[in-house]
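The values are calculated or read from the model by the stated rules, or taken from the named source; none is laboratory data. Just so it is clear, the model here is predicted, and its values are computed rather than measured. Counting neighbours? That spans all protein chains shown, and the Cβs are built from the backbone with ideal geometry, glycine included. We work out accessible area using only protein heavy atoms, side chains counted, and drop any ligands, DNA or RNA first. Shrake-Rupley method; radii C 1.70, N 1.55, O 1.52, S 1.80 Å.
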Amino acid sequence: IIEKQSNLKNENMSLKLTRVLSYVKFDDYTKVWLDLEKEDKKIEGLISNNYAAGIVINQSNQSLALLNGNEKSNYSVFIGKNKAPGIVHGKNNSNLLLIKYIPIWINIKKDDEVITSGMDDIFFKGLKVGKVVSIKKMADMQEATVIPYANVLKEKYFYIYSKKKVETTPNKKP
């Protein structure tokens, strides 16, 4: 990620190193306070060892990290070579992730790699998330259970990824 940081600046993106201050509650290891103030309401991506690790939100002008595994840590992903879209969710009382809303007509399989899609502007496209360990097919969609690459519970430092807002001017008609 450090190597890509110079490229990120060219694309109106940034990475900030941040330190974990503490758990929000002692009985929930998926929410931690970070050492950066946060004034905007934008959801940002959390990265650990070149893997997606969760999201960062504003809670009383402080950065709150919702780590992978937290039910509210949601971001868009692609699954496998067919790039099936889906949304990551935490899986209760588990170190696994659940990807919901996968179209039934797109083929996915066990051991498919999951990457961020970049479609939600929380992460850039292509950041590794994990591998599919099981698939549940339903009438109108499918869900995939994923073992994440990031081991978020042991980390004391993370990178916060942010896509900067690009100012555009509307096209004027002659």
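Couple of notes before you dig in:
- When L66 is tested against the conditions (1) closer than 12 Å to I160 by Cβ; (2) crowded, with 16+ Cβ neighbours inside 10 Å, the lone failure is (1).
- Residues (among the aromatic types (F, W, Y), part of a strand (DSSP E or B) and open to solvent by 80 Å² or more (accessible area, probe 1.4 Å)) located in segment 18-43: Y23, Y29
- Residues that are among the acidic types (D, E) and more than 15 Å from P148 (Cβ to Cβ) within segment 74-126 comprise D120, D121, listed in sequence order.
- The residue that is surrounded by the fewest Cβ atoms within 10 Å (Cβ to Cβ), counting only those in segment 91-104 that are in a loop (DSSP other than H, G, I, E, B) and not hydroxyl-bearing (S, T, Y), is N93.
- Screening the candidates K72, K83 for the property of being open to solvent by 20 Å² or more (accessible area, probe 1.4 Å) and at negative phi yields one hit, K72.
- Scanning segment 44-90 for residues that are of a type outside the set (D, E) and assigned to a strand (DSSP E or B) yields a count of 30.
- Considering residues of segment 47-69 that are of a type in the set (A, V, I, L, M) and in contact with a helix residue (DSSP H, G or I) (Cβ under 8 Å, 6 or more places away or on another chain) only, the residue farthest from N93 (Cα to Cα): A53
- Flag for N171 being on the phi > 0 side of the Ramachandran plot and either assigned to a loop (DSSP other than H, G, I, E, B) or at pLDDT below 95 (or both): no
- Residue within segment 105-113 that is of a type in the set (V, I, T), in a loop (DSSP other than H, G, I, E, B) and surrounded by 13 or more Cβ atoms within 10 Å (Cβ to Cβ) present: yes
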